[in-house]
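Student: Below: one structure in structure tokens.
The values are calculated or read from the model by the stated rules, or taken from the named source; none is laboratory data. Keep in mind it's a predicted model, so treat the numbers as computed, not measured. Using ideal geometry, Cβ is built from the backbone for each residue, glycine included, and neighbour counts are taken over all protein chains shown. Please note that ligands, DNA and RNA were not included when accessible areas were found on the heavy atoms of the full protein model with its side chains. Shrake-Rupley method; radii C 1.70, N 1.55, O 1.52, S 1.80 Å.
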Amino acid sequence: MPAVVVIGGQWGDEGKGRVVDFHSGYCSVIARYSAGNNAGHTIINDRGKFALHLVPAGIFRGEKACIIGNGVVIDPEKLIAEIAMLTERGVSTARLMISEHAHVIMPWHPIIDRAEEKLKGDLAIGTTGTGTGPAFYDKVARIGIRVADLLDKGFFEWKLRSALEYKNRVLQDLYQLPPLDFDEIFAKYTEFGERMRPYVADTIAYVQEADERGEYILLEGAQGTLLDLDTGTYPYVTSSVPASVAAGGAIGIGLGPTAIQRVVGVYKSYQTRVGNGPMPTEITSGDEMVMLREGTGGAAGTAEYGTTTGRARRVGWFDGVLARYTARLNGVTSVALTRLDSLSALESIKVCVAYELDDQRITTLPPTVNAMNRAKPIYEELPGWGQDVTHVRHLGDLPTEARQYVRRIEQILGVPVDMISVGPERHQAIVTRDVFGASIEP
Ligand code: IMP
Ligand code: MG
């Protein structure tokens, strides 16, 4: 039976959380398959506003299995705090499962993350400082510690001792930082292991069996495709292995690629980015920048500040060149266009349809960051609609100019827009077709 992947088509923060929340209605398993607590989802529902970094957004639908898959890296302290926060607010985590193969963010990872950013100078990425990148390097370097390791005291002791000996040399000799204490970490992480033990499972077998039973599995992407290590705006990307693109969903949860039959691409109606790196359509000053960042045209409380770090997001016009590129990379079959309401106060709206690069018009990704920084967006300008749309629930009730804007994005992507969000609340959306293309509204 089909697995459905929900991915971000830009630089993250497209509003995947609420789209996952919507699709988790018909799926019985909801899973995270990559990244770590560098990711952040904001979900607003009848219980209030929640920021999730590790627990899948499906947790609010009590009867669903929620899995943190083998492709995720876990900071146990952060995960335990997130579980406690949910429990305190009356959200059950009884059906949460943690893959025994997921890697663990250890105390040296955030330290190295920050130290490395300093050492990198001009190559600094503007990471979230969560240690996610360094945890993935250790995974690839084959010295990572996995969740199952924490649960086997003797094995963990041996593994930690060897890893720490190496990491303390890196901390002292390379970064001139104090070494970390074995006993302290051993005690703390053994305890974390015990706290996680009730949730730890062979999640690969679980999803494979769910798949065989014909259940729908929702794979929840983290970050956006343009932050992907292989296909994003390298080196200003995140380090997740497997990739955050849809194809990574199979690896990061333990399914074959043929299990993935639908891919929902989430695109914001404009562009945002946190951290460094090229962003051709960025607006760096003026009213339009303020309007996009503060979300003044739409619902309150939708300002563009990071869920994880609180940093102000960079904002800009919808980049059609990059959007078409990511739609193809992910094999997107259905688009969710978010935050249309944030554009409501604008008199006219620009959409980038090509770049001018060294006197040539191109419609593909420039090959280097340098070329991307030189690329000048070629815009089409569309009229704004100048009215609030947060109450609209049917496509036909959107102002003509807003429909025209959605149609233009649909043409650029070459994929139907099936869902449009017009506010942060669960019900503030226009849904025209389900994920299999069946019409919900004429
Ligand atoms: P890292 O993932 O912390 O190593 O950061 C690498 C880059 O990805 C930085 O530019 C971060 O700002 C960005 N990034 C990481 N996670 C997210 C996310 O969930 N949303 C948006 N940007 C992110
Ligand atoms: Mg986010």
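Student: Please name whichever of T390, S439, A375 sits farthest to the positive end of the charge dipole of region 369-441, dipole taken about the Cα centre and charges placed at Cβ: Lys and Arg +1, Asp and Glu -1.
Tutor: After comparing all options, I get A375.
Student: Local charge sum around T127 (other residues, Cβ-Cβ under 13 Å, Lys/Arg +1, Asp/Glu -1)?
Tutor: Values: positive: R114, K118, K120, R311; negative: D113, E116, E117.
With Lys, Arg at +1 and Asp, Glu at -1, the neighbours total +1.
Student: What net charge is computed for the residues neighbouring V335, neighbours being all others with C-beta under 10 Å from the C-beta of V335, Lys and Arg scored +1, Asp and Glu -1?
Tutor: -2
Student: As an exercise, use a Förster radius of 22 Å and the Cβ-Cβ distance of R403 and S439 to find the FRET efficiency, rounded to the nearest 0.05.
Tutor: Efficiency at R0 = 22 Å is approximately 0.85.
Student: Among rounded, prolate and oblate, which fits region 375-442 when a ≥ b ≥ c are the square roots of the eigenvalues of its C-alpha gyration tensor, a/c under 1.5 means rounded, and a/b larger than b/c means prolate? Don't skip to the end; give the middle numbers.
Tutor: Numbers: a/c = 1.99, a/b = 1.30, b/c = 1.53.
In terms of gyration-tensor shape, oblate.
Student: Same structure, new question: To the nearest 10 degrees, how steeply does helix 203-212 sit against the main Cα axis of the chain, on a 0 to 90 scale?
Tutor: 50
Student: Once you put a point 7 Å from the Cα of T258 and another 7 Å from the Cα of R169, both along the Cβ direction, what distance in nm separates them?
Tutor: Output for this residue pair reads 4.7 nm.
Student: Now for a separate question. Roughly how many debye, to the nearest 20, is the charge dipole of region 1-103 about its Cα centre, given +1 on each Lys and Arg Cβ, -1 on each Asp and Glu Cβ, and no other charges?
Tutor: The dipole of region 1-103 has a size of about 220 debye.
Student: Show me 324-330, 240-246 ranked by packing, highest mean number of other Cβ atoms within 10 Å first.
Tutor: Values: 324-330: 21.3, 240-246: 27.0.
Listed from highest to lowest mean packing, they are 240-246, 324-330.
Student: Which value at 222 nm does the chain reach when only helices count, each DSSP H run of 4 or more adding -39,500 (n - 2.57), with the total divided by all residues and rounded to the nearest 500 deg cm²/dmol?
Tutor: Computed ellipticity for the chain at 222 nm equals -9000 deg cm²/dmol.
Student: Counting Lys and Arg as +1 and Asp and Glu as -1, each charge on the Cβ, what is the dipole of region 286-442 about the Cα centre in debye, to the nearest 20?
Tutor: The calculation lands at about 480 debye.
Student: With a 1.4 Å probe and every protein chain left in place, work out the accessible area per residue of the chain in Å², rounded to a whole number.
Tutor: 40
Student: List, in order, the whole-Hz ³J(HN,Hα) value for each residue of region 36-53 obtained from phi through the Karplus relation with A = 6.51, B = -1.76, C = 1.60 and θ = phi - 60°; use x for Gly and Pro.
Tutor: Those phi angles translate into x, 8, 5, 6, x, 10, 9, 10, 10, 9, 5, 9, x, 9, 10, 10, 10, 10 Hz.
Student: Can you tell me the order of 68-75, 394-401, 416-423 when each peptide is scored by its average per-residue count of other Cβ atoms within 10 angstrom, highest first?
Tutor: Result, highest mean Cβ count within 10 Å first: 68-75, 416-423, 394-401.
Student: Between beta-carbons, use under 12 Å as the cut-off and find the net charge around L357, counting Lys and Arg +1, Asp and Glu -1.
Tutor: Overall, the nearby charge balance is 0.
Student: Give me the percent of the accessible area of the chain that comes from carbon and sulfur atoms, probe 1.4 Å, all protein chains in place.
Tutor: C and S fraction of accessible area: 51 percent.
Student: State the antiparallel share, in %, of DSSP beta bridges confined to the chain, rounding to the nearest 5.
Tutor: Once the DSSP bridges in the chain are tallied, antiparallel ones form about 45 percent.
Student: Now for a separate question. Only four residue types carry charge here, +1 at the Cβ of Lys and Arg and -1 at the Cβ of Asp and Glu. Report the dipole size of region 149-262 about the Cα centre in Debye, rounded to the nearest 20.
Tutor: Charge dipole, region 149-262, about its Cα centre: 160 debye, nearest 20.
Student: Continuing with the same structure: Just want the answer: with Cβ charges of +1 for Lys and Arg and -1 for Asp and Glu, which residue in P178, L226, L160 is farthest toward the dipole's positive end in region 140-249?
Tutor: P178
Student: Also: Provide the gained length on full extension for the span Y305 to E77, in nm with one decimal, where the gain is 0.36 nm per separating residue minus the Cα-Cα distance. Mind showing how you got there, number by number?
Tutor: On the way: separation 228, 0.36 × 228 = 82.08 nm, distance 2.38 nm.
Gain on stretching Y305 to E77: 79.7 nm.
Student: When the Karplus curve 6.51 cos²θ - 1.76 cosθ + 1.60 is applied with θ = phi - 60°, which whole-Hz ³J(HN,Hα) does each residue of region 160-170 get, with x for Gly and Pro?
Tutor: Values per residue, Gly and Pro as x: 5, 4, 5, 5, 5, 4, 5, 5, 5, 5, 5 Hz.
Student: What are the ³J(HN,Hα) couplings of region 108-121, residue after residue, when phi is run through the Karplus curve with 6.51, -1.76, 1.60 and θ = phi - 60°? Round to Hz, x for glycine and proline.
Tutor: 6, 5, x, 5, 5, 3, 6, 5, 5, 4, 5, 5, 6, x
Student: Packing-wise, with mean Cβ within 10 Å as the measure, how do 251-257, 354-360 rank, highest first?
Tutor: Numbers: 251-257: 20.7, 354-360: 13.4.
Top of the packing list down: 251-257, 354-360.
Student: Take the alpha-carbon centre of region 316-387, take the same for region 22-72, and report the distance between them in whole Å.
Tutor: Comparing the Cα centres of region 316-387 and region 22-72, I get a distance of 29 Å.
Student: Which whole-number percent gives the relative contact order of region 164-280, counting Cα pairs below 8 Å spaced six or more residues apart?
Tutor: 15
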